[in-house]
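The values are calculated or read from the model by the stated rules, or taken from the named source; none is laboratory data. What you see is a predicted model, and the numbers here were worked out from it, not measured in a lab. Cβ placement follows ideal geometry from the backbone for every residue including glycine, while neighbour counts extend to all protein chains displayed.
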C-alpha cells in the first residue's frame with residue numbers, strides 16, 4: 001500500500017532555535033514534511049516561489065516583513081501555497097486584517113505545539129483556522145464595525161456624515177484641512193466605503209447619526 005501523500009511546508013522565522021523546534025515538532029508528524037527554511041521575508045518569498053510548498057508558515061516580525069503587503073503578493077505569486085501566520089501578537093484586529101489579506105490561518109506561538117499542525121492541515125485543505133483564543137474576539141469585531149474606530153475617528157465619521165466641510169471639521173478638531181483630507185480617506189478605507197452617501201448610510205445604520213426627517 002502506498003504511503004499517504006505528505007503536506008509540504010516551508011518555515012519562515014528569524015530565530016534559528018524557534019525554527020529548529022518547529023521543524024522537529026512538524027516532522028514528528030508522518031503527514032507533514034518541511035522542505036525549506038527562511039530567516040527573513042524576502043528569503044521566504046523566494047523559497048515559496050522556488051519550491052511551491054503546500055503551506056508557508058510565516059512569522060510576522062522577521063526582518064523586511066510587511067505582512068499586510070507581503071501576504072497578497074505571495075498569494076498572487078504562489079496561489080497554490082496557503083499561508084499560516086505564526087506570531088506572538090494576540091491582537092484580534094491583526095488576525096482579522098491578515099486573514100482578510102489572504103492568510104489561511106493565524107496561530108499564536110504560545111500555542112504552536114498544540115495548534116500549528118491542525119492549522120497547517122486545515123490551510124492545506126483549503127480551510128481557515130484562527131487560534132481559538134482569538135476566534136471569539138474576532139467575531140465581536142465583525143459584529144460591531146465601530147469597535148476598531150478611535151474616538152477621533154468616530155467624531156470624524158459623525159461630522160462628515162452630518163455634511164460638514166473639511167474646513168469646518170478641521171476647525172472643530174484643531175487639524176489642518178490637509179490632515180482632515182488624509183484622515184477622511186483613511187476612514188473611508190477602514191470602514192469599507194468609497195463615497196460620502198455610503199458613509200452616511202453606514203453612520204445611520206450604526207447609530208452614529210439619526211436619519212434626517
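Just checking, which of 153, 168 is surrounded by 12 or more Cβ atoms within 10 Å (Cβ to Cβ) and farther than 30 Å from residue 99 by Cα?
168
Tell me which helices (runs of 4 or more DSSP H) are completely within region 1-83 and hold 2 or more residues being in contact (Cβ under 8 Å) with a residue 24 or more places away in the chain, farther than 18 Å from residue 104 by Cβ and in contact with a helix residue (DSSP H, G or I) (Cβ under 8 Å, 6 or more places away or on another chain), or say none if there are none.
Per the criteria, 16-27.
Considering only region 87-97, state which residues are modelled with pLDDT of 90 or more and under 12 Å from the mean Cα position of the chain (by Cα).
If the condition is that a residue be modelled with pLDDT of 90 or more and under 12 Å from the mean Cα position of the chain (by Cα), then 87 is the only one that fits.
Pull up region 61-86, narrow it to residues that are buried (at least 21 other Cβ atoms within 10 Å of the Cβ) and within 17 Å of residue 18 (Cα to Cα), then point me to the one that is nearest to the chain's Cα centre (by Cα).
Step by step, filter region 61-86, then rank; the result is 85.
If you scan region 99-124, which residues turn out to be free of Cβ contacts under 8 Å to residues at least 60 places away in the same chain and closer than 19 Å to residue 77 by Cα?
99, 100, 101, 102, 103, 104, 105
Can you confirm whether residue 36 is more than 25 Å from residue 133 (Cα to Cα) and under 22 Å from the mean Cα position of the chain (by Cα)?
no
Here is a check on your reading of the model: is residue 191 modelled with pLDDT of 95 or more, closer than 27 Å to residue 67 by Cβ and surrounded by 14 or more Cβ atoms within 10 Å (Cβ to Cβ)?
no
Can you find even one residue in region 119-128 that is in the same structural domain as residue 31 (by TED's automatic domain parsing), at pLDDT 85 or above and under 30 Å from residue 202 (Cβ atoms)?
The first filter runs over region 119-128 and keeps only residues in the same structural domain as residue 31 (by TED's automatic domain parsing), leaving 119-128.
Cutting the leftovers down to at pLDDT 85 or above gives us 119-128.
The next check asks that each one be under 30 Å from residue 202 (Cβ atoms); those that pass are 128.
Checked against the condition, which is being in the same structural domain as residue 31 (by TED's automatic domain parsing), at pLDDT 85 or above and under 30 Å from residue 202 (Cβ atoms), region 119-128 yields at least one hit.
Can you find even one residue in region 11-24 that is within 15 Å of residue 81 (Cα to Cα), surrounded by fewer than 16 Cβ atoms within 10 Å (Cβ to Cβ) and more than 21 Å from the chain's Cα centre (by Cα)? Break it down into steps so the answer makes sense when it comes.
Keep residues of region 11-24 that are within 15 Å of residue 81 (Cα to Cα), which gives 11-12.
In the following step, the residues that additionally are surrounded by fewer than 16 Cβ atoms within 10 Å (Cβ to Cβ) were identified as none.
No; the residues of region 11-24 include none that is within 15 Å of residue 81 (Cα to Cα), surrounded by fewer than 16 Cβ atoms within 10 Å (Cβ to Cβ) and more than 21 Å from the chain's Cα centre (by Cα).
Which pairs turn up if I take residues in region 129-153 that are under 12 Å from residue 94 (Cα atoms) and look for partners that are modelled with pLDDT under 90 and outside any helix (DSSP H, G or I) with beta carbon separation below 9 Å, at least 6 apart in sequence or on another chain?
Qualifying pairs under 9 Å: 134/90; 134/91; 137/90; 137/91; 141/147; 141/148.
For region 158-213, give me the residue count where each residue is under 16 Å from residue 146 (Cβ atoms), over 25 Å from the mean Cα position of the chain (by Cα) and without any contact (Cβ under 8 Å) to a residue 12 or more places away in the chain.
Number of matching residues: 4.
Given the condition crowded, with 20+ Cβ neighbours inside 10 Å, modelled with pLDDT of 90 or more and under 10 Å from the mean Cα position of the chain (by Cα), answer yes or no: does some residue in region 105-118 qualify?
Within region 105-118 (the criterion being crowded, with 20+ Cβ neighbours inside 10 Å, modelled with pLDDT of 90 or more and under 10 Å from the mean Cα position of the chain (by Cα)), the answer is yes, since at least one residue qualifies.
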